[in-house]
Amino acid sequence: MLILDAVSFAYPGGPRLFDDLTAAFACDGEIVGIAGPSGSGKTTLLALIGGLLEPDSGRVLVDGVPTHRRAETFAWVFQTNALLGHRSALDNVMLPLVLGGAERSEARSTARGLLDAVDLGETASRRVRSLSGGERQRLALVRALAQRRPHLLVDEPTAQLDRRTAQSLIDHLRVAREYQRLTVIVSHDPAVWDCCDRVLALQPGGLGPLDGDGC
């Protein structure tokens, strides 16, 4: 389980974003969406979940351990994909596998399988800077999956994509369920919510079920 236990947080000199925020997430392949208006603290909450930030009070625990002590168990897909533009798509996916100790032949085979899973197999030899925005975002997802970390955190995956390209990415986000114990996706895009098992709304009172047909 991932548990937020009475979490409070504010940036120095800023207003309190969260006050006694409590929630629980099952680490059983669940994909959870977190919705909320711009400025509501969605990305900050993701950073707290992933252990990049520590709460001012309360605890964020994964399997009973504070997440800031287990930040290595989380893989990230950021809004800016931070891919290696001068290297091939295959190289970008192989890199975390090789760094994780895989032999190059094994890394190459695994990377090709992951690229195929999101319909990027034909881009394997192409340099990243030649790929479209949607292809890059899917590649960022694959690279995160290649890190073989139990939990995946995704920050506004469709924010910089047109609707057609965004829908292609959304269709492939479901791939994460096959590889991750837990995937948390922060987004204001209702189309993203459709690929989630459940969607929570970030509101002044905390996290609660999204009203309407979110998922």
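Which strands (runs of 3 or more DSSP E) does the range 106-215 wholly contain that include 3 or more residues that are free of Cβ contacts under 8 Å to residues at least 60 places away in the same chain, among the basic types (K, R) and crowded, with 17+ Cβ neighbours inside 10 Å?
It comes to none.
Looking only at the range 48-79, filter to residues that are in a helix (DSSP H, G or I) and in contact (Cβ under 8 Å) with a residue 24 or more places away in the chain; which one of those is nearest to L152 (Cα to Cα)?
Among those residues, the one meeting the criterion is T73.
Here are T183, T165, T123: which of them is at pLDDT below 90 and on the phi < 0 side of the Ramachandran plot?
Step by step, each of T183, T165, T123 is checked, and only T165 is at pLDDT below 90 and on the phi < 0 side of the Ramachandran plot.
Out of curiosity, is A6 surrounded by fewer than 16 Cβ atoms within 10 Å (Cβ to Cβ) and either of a type outside the set (V, I, T) or outside any strand (DSSP E or B) (or both)? It would help to see each step written out before you state the result.
Values: surrounded by fewer than 16 Cβ atoms within 10 Å (Cβ to Cβ): yes; either of a type outside the set (V, I, T) or outside any strand (DSSP E or B) (or both): yes.
Yes.
Would you tally the residues in the range 55-69 being more than 12 Å from D5 (Cα to Cα) and touching a Pro at 6+ places or on another chain (Cβ under 8 Å)?
0
Report the residue count in the range 25-41 for those that are modelled with pLDDT of 85 or more and loosely packed, with under 13 Cβ neighbours inside 10 Å.
1
The values are calculated or read from the model by the stated rules, or taken from the named source; none is laboratory data. The shown structure was predicted, so the numbers you read here are calculated from the model rather than taken from an experiment. Ideal geometry is used to build each Cβ from the backbone, glycine not excepted, and the neighbour counts take in all protein chains shown.
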